[in-house]
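The values are calculated or read from the model by the stated rules, or taken from the named source; none is laboratory data. These figures come from a predicted structure and were not determined experimentally. All Cβ positions, even for glycine, are placed from backbone atoms using ideal geometry, and neighbour counts span all protein chains on display. Please note that ligands, DNA and RNA were not included when accessible areas were found on the heavy atoms of the full protein model with its side chains. Shrake-Rupley method; radii C 1.70, N 1.55, O 1.52, S 1.80 Å.
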Amino acid sequence: MSLAAGFGRLRAALFVLVCALLLGGCARPQVFHQESYVFGTRVDVAVYGDDKAQADAAGALVLREFDRLHRAYHAWEPSELTALNEAIARGESLEVSEELATMLRDAQRMAAAGDELFDPALGSLIALWGFHTDTFVPVRPDPEKLAALVAARPRMSDLDIDGRRVSSRNPAVQLDLGGYAKGYALDRAATLLREQGITNALINIGGNVMALGKKGDQPWRIGIQHPRAPAPLATMPLYDGEAVGTSGDYQRYFELDGERYAHLLDPRTGQPAHGTQSLTVLITPREAAGTLSDAASKPAYLANEGWREQTRHFGIDHALRVDAAGNVEVTRALRARLQFPAPVDAVVVD
């Protein structure tokens, strides 16, 4: 090879290197997604930025954490939670992890704030209706067993939590954190993303959503699912540190003799709740906003016409209810945020 040819190749290689550096430096920010199926639903971690490797690594870390939480606190597959349920059924106490003890204390507090309508102690009732599996059969439970379980009144207040040692005064208590864990996972995801230097992200766990930062120069934008149509009922911006949770009768349910039986059970009757199609709450930035978005939507959903009183118990100003007939009620604070794709005659309440 001639000297001139060697210099020519060197210049070409340097030109390619410089172009690559320039292109890398000018990479346009975009949204990077990591998706999975966990907690019985689809989850999506969307990171906005210009570093794909960082976004992918952070998203993968979050998905691993979701998988850990799912396995650790599964209500019917072998887990730390099922071990505790077995101990309670035997009338024994069990020393649990610090994390589970903290979660149970928090869930106990939230159950009390929601007049025990949100009650993770109802695991046996959930199993009796067949909602303890990912695939359930449309069958009504045995009336005598149902009546006996309602009479036993298992409640979170039956738990005695002494440090990490947990016991129950009521052996009918069987814990199912399905109405709490997705919100807790949102908060864990937000913590992990921030620790990885991610400041702009949107975490979606089957409709339970939390925002970090924004998407470029605009806030993140999300939709509220229409409970009877495959489309959004409304859309709205979601700002840094805010979380949204929806409880509805349109995901886990079966129909029998023309009647819909959803997985949201009323502890007062032992029956699937009727009267509300969906109930959405928006939690403004505060500690454990994700957890609150999941847990606080449950008592408001079950309260039907008393939904606004329940949201006030948790200091929530932004909420929307779709009643059994499809009528929409929305708080004044949330109505100011919403854009409806089709005309909706919503009743605004304070």
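Helices of the chain meeting both criteria, an alpha-carbon length of 20 angstrom or more along the long axis and an average Kyte-Doolittle score not below 1.6, with helices taken as full DSSP H segments, are 3-25. The residues Y301, Y250, sorted by heavy-atom accessible surface at 1.4 Å with ligands and nucleic acids left out, run Y250, Y301 from largest to smallest.
Among the listed values [x] 179; [y] 149; [z] 128, the one computed from these coordinates for volume of the Cα convex hull per residue in Å³ is [x]. Between the beta carbons of R90 and Y239, assuming R0 = 41 Å, the FRET efficiency works out to 0.30 to the nearest 0.05. Note on exposure: T199, T102, T280, T135 ranked by accessible area (1.4 Å probe, complete protein assembly) read T135, T199, T102, T280, with the most exposed listed first. Surface composition of the chain: carbon and sulfur atoms hold 53% of the protein heavy-atom accessible area at a 1.4 Å probe.
Given a 1.4 Å probe and the protein chains as shown, E329 ends up with an accessible area of around 40 Å². S36 contributes about 50 Å² of solvent-accessible surface, heavy atoms of the protein only, 1.4 Å probe. For F314, the accessible surface of its heavy atoms amounts to roughly 30 Å² (probe 1.4 Å, protein chains only, rounded to the nearest 10). Net length available on complete extension from D51 to T284 is 81.0 nm, with 0.36 nm assigned per residue and the Cα-Cα distance removed. For segment 259-350, the list of trypsin sites (Lys or Arg not before Pro) that fall in a loop by DSSP and count at most 12 other C-beta atoms within 10 angstrom reads R286.
Each Lys or Arg adds one and each Asp or Glu takes one away; over the other residues whose Cβ falls under 12 Å from the Cβ of Q310, this sums to 0.
Rolling a 1.4 Å probe over the protein heavy atoms gives the chain an accessible area of 48 Å² per residue. Largest accessible area first, the listed residues E309, E65 line up as E309, E65 when surface is computed with a 1.4 Å probe on the assembled protein chains.
Dipole check for the chain: with +1 at the C-beta of Lys and Arg, -1 at the C-beta of Asp and Glu, and the Cα centre as origin, the magnitude is about 1080 Debye.
Which of rounded, prolate or oblate describes segment 266-350 when judged by the alpha-carbon gyration tensor and an a/c cut-off of 1.5? Oblate shape, in that a/c is at least 1.5 and b/c is the bigger or equal ratio.
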